[in-house]
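The values are calculated or read from the model by the stated rules, or taken from the named source; none is laboratory data. Being a predicted model, the structure only gives us computed values, none of them experimental. Note that we place each Cβ from the backbone using ideal geometry, even for glycine, and neighbour counts take in every protein chain shown. All accessible areas refer to the heavy atoms of the entire protein, side chains included, with ligands and DNA or RNA removed. Shrake-Rupley method; radii C 1.70, N 1.55, O 1.52, S 1.80 Å.
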Amino acid sequence: MLESDDRVLETKDERLRFAILASGSSGNCTYVETDNQRILIDAGLSGKKIHELIKQIDRDLSKVDAILVTHEHKDHIHGVGVLSRKYNIPIYANRQTWLAMEKQIGAIALENRKYIEPEQMMSMGDIDVLSYNVSHDAAQPQFYAFQKGDKQFVMLTDTGYVSNRLKSQLRNASAYLIESNHEIEMLRYGQYPWSLKQRILSDKGHLSNEAGTNAMIEMIGDQTKEIYLGHLSRDNNTKELAMSTMFNSMSAKDMRVNEDFTLHMTDPVQSTKLMYL
């Protein structure tokens, strides 16, 4: 195992790399890098826990160049303010999200308050970042796609549905993080109050295993090689159900799962391996 981030970057590997540090209803954080840029997307766990998670992929929080925020829910911003203050990291979010989260994350240095609005393309070092709207019960939720050369990594969780426009916009990426939040029958017959069940099942809630699978089937293309299932509910889903739903549905359509592309599972407390595109 390489001992430090600097030694890894000295190899001058030109590929886009990413790892899902944590994904689930208890906290979310993703890491994207090239030789010239290192980005966190959300920081929904404690600063201490994110430090532990990024060490699992032999990286260092002090070298992170930016934090991109998707929306203001606690499982996406819990550690944002702490990390920004400790490591002097700029935070990027749209204006409505800034208004909704600023009291939760504490004081942020003026020079670290940055803006990226929905449907905006921004170059961050040698990574192009595309932001896009999703349908979720937050002030102005948006997610991101990261592109370097002909490789693209798309993040798509925390949305009640995926519009045809969005599916077209995000089609044929190299890699996806797609939401598989709940199994519908587990949610319907589970212990959540009815009001919360309605919220999750609504167009501003979360994608079920089936909905995430159907969206993924429509977006996958010849360039797609890696698919990560994310943001699983700890109460209304299991990894086995999420994986089998996608595997079986894709196989039924004669898609060569784990041959032409690979399905991966994420975890709320364990980072995935660093993926090279």
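Suppose we filter the range 136-159 for residues that are under 15 Å from the mean Cα position of the chain (by Cα) and either open to solvent by less than 30 Å² (accessible area, probe 1.4 Å) or of a type in the set (Val, Ile, Thr) (or both); how many remain?
Qualifying residue count, the range 136-159: 14.
Quick one: Leu130 ticks every box in (1) within 30 Å of Lys12 (Cα to Cα); (2) in a loop (DSSP other than H, G, I, E, B); (3) of a type outside the set (D, E, K, R) except a single one, so which number is it?
Every condition holds for Leu130 apart from (2).
Take the residues in the range 249-275 that are in a helix (DSSP H, G or I) and loosely packed, with under 14 Cβ neighbours inside 10 Å, then tell me which one is farthest from the chain's Cα centre (by Cα).
Step by step, filter the range 249-275, then rank; the result is Ala252.
So which residues in the range 223-248 are open to solvent by 40 Å² or more (accessible area, probe 1.4 Å) and of a type in the set (Gly, Ala, Ser)?
Passing the criteria: only Ser244.
For Ile91, indicate whether it is closer than 20 Å to Lys48 by Cβ and either in contact (Cβ under 8 Å) with a residue 24 or more places away in the chain or not aromatic (Phe, Trp, Tyr) (or both).
The answer is yes for Ile91.
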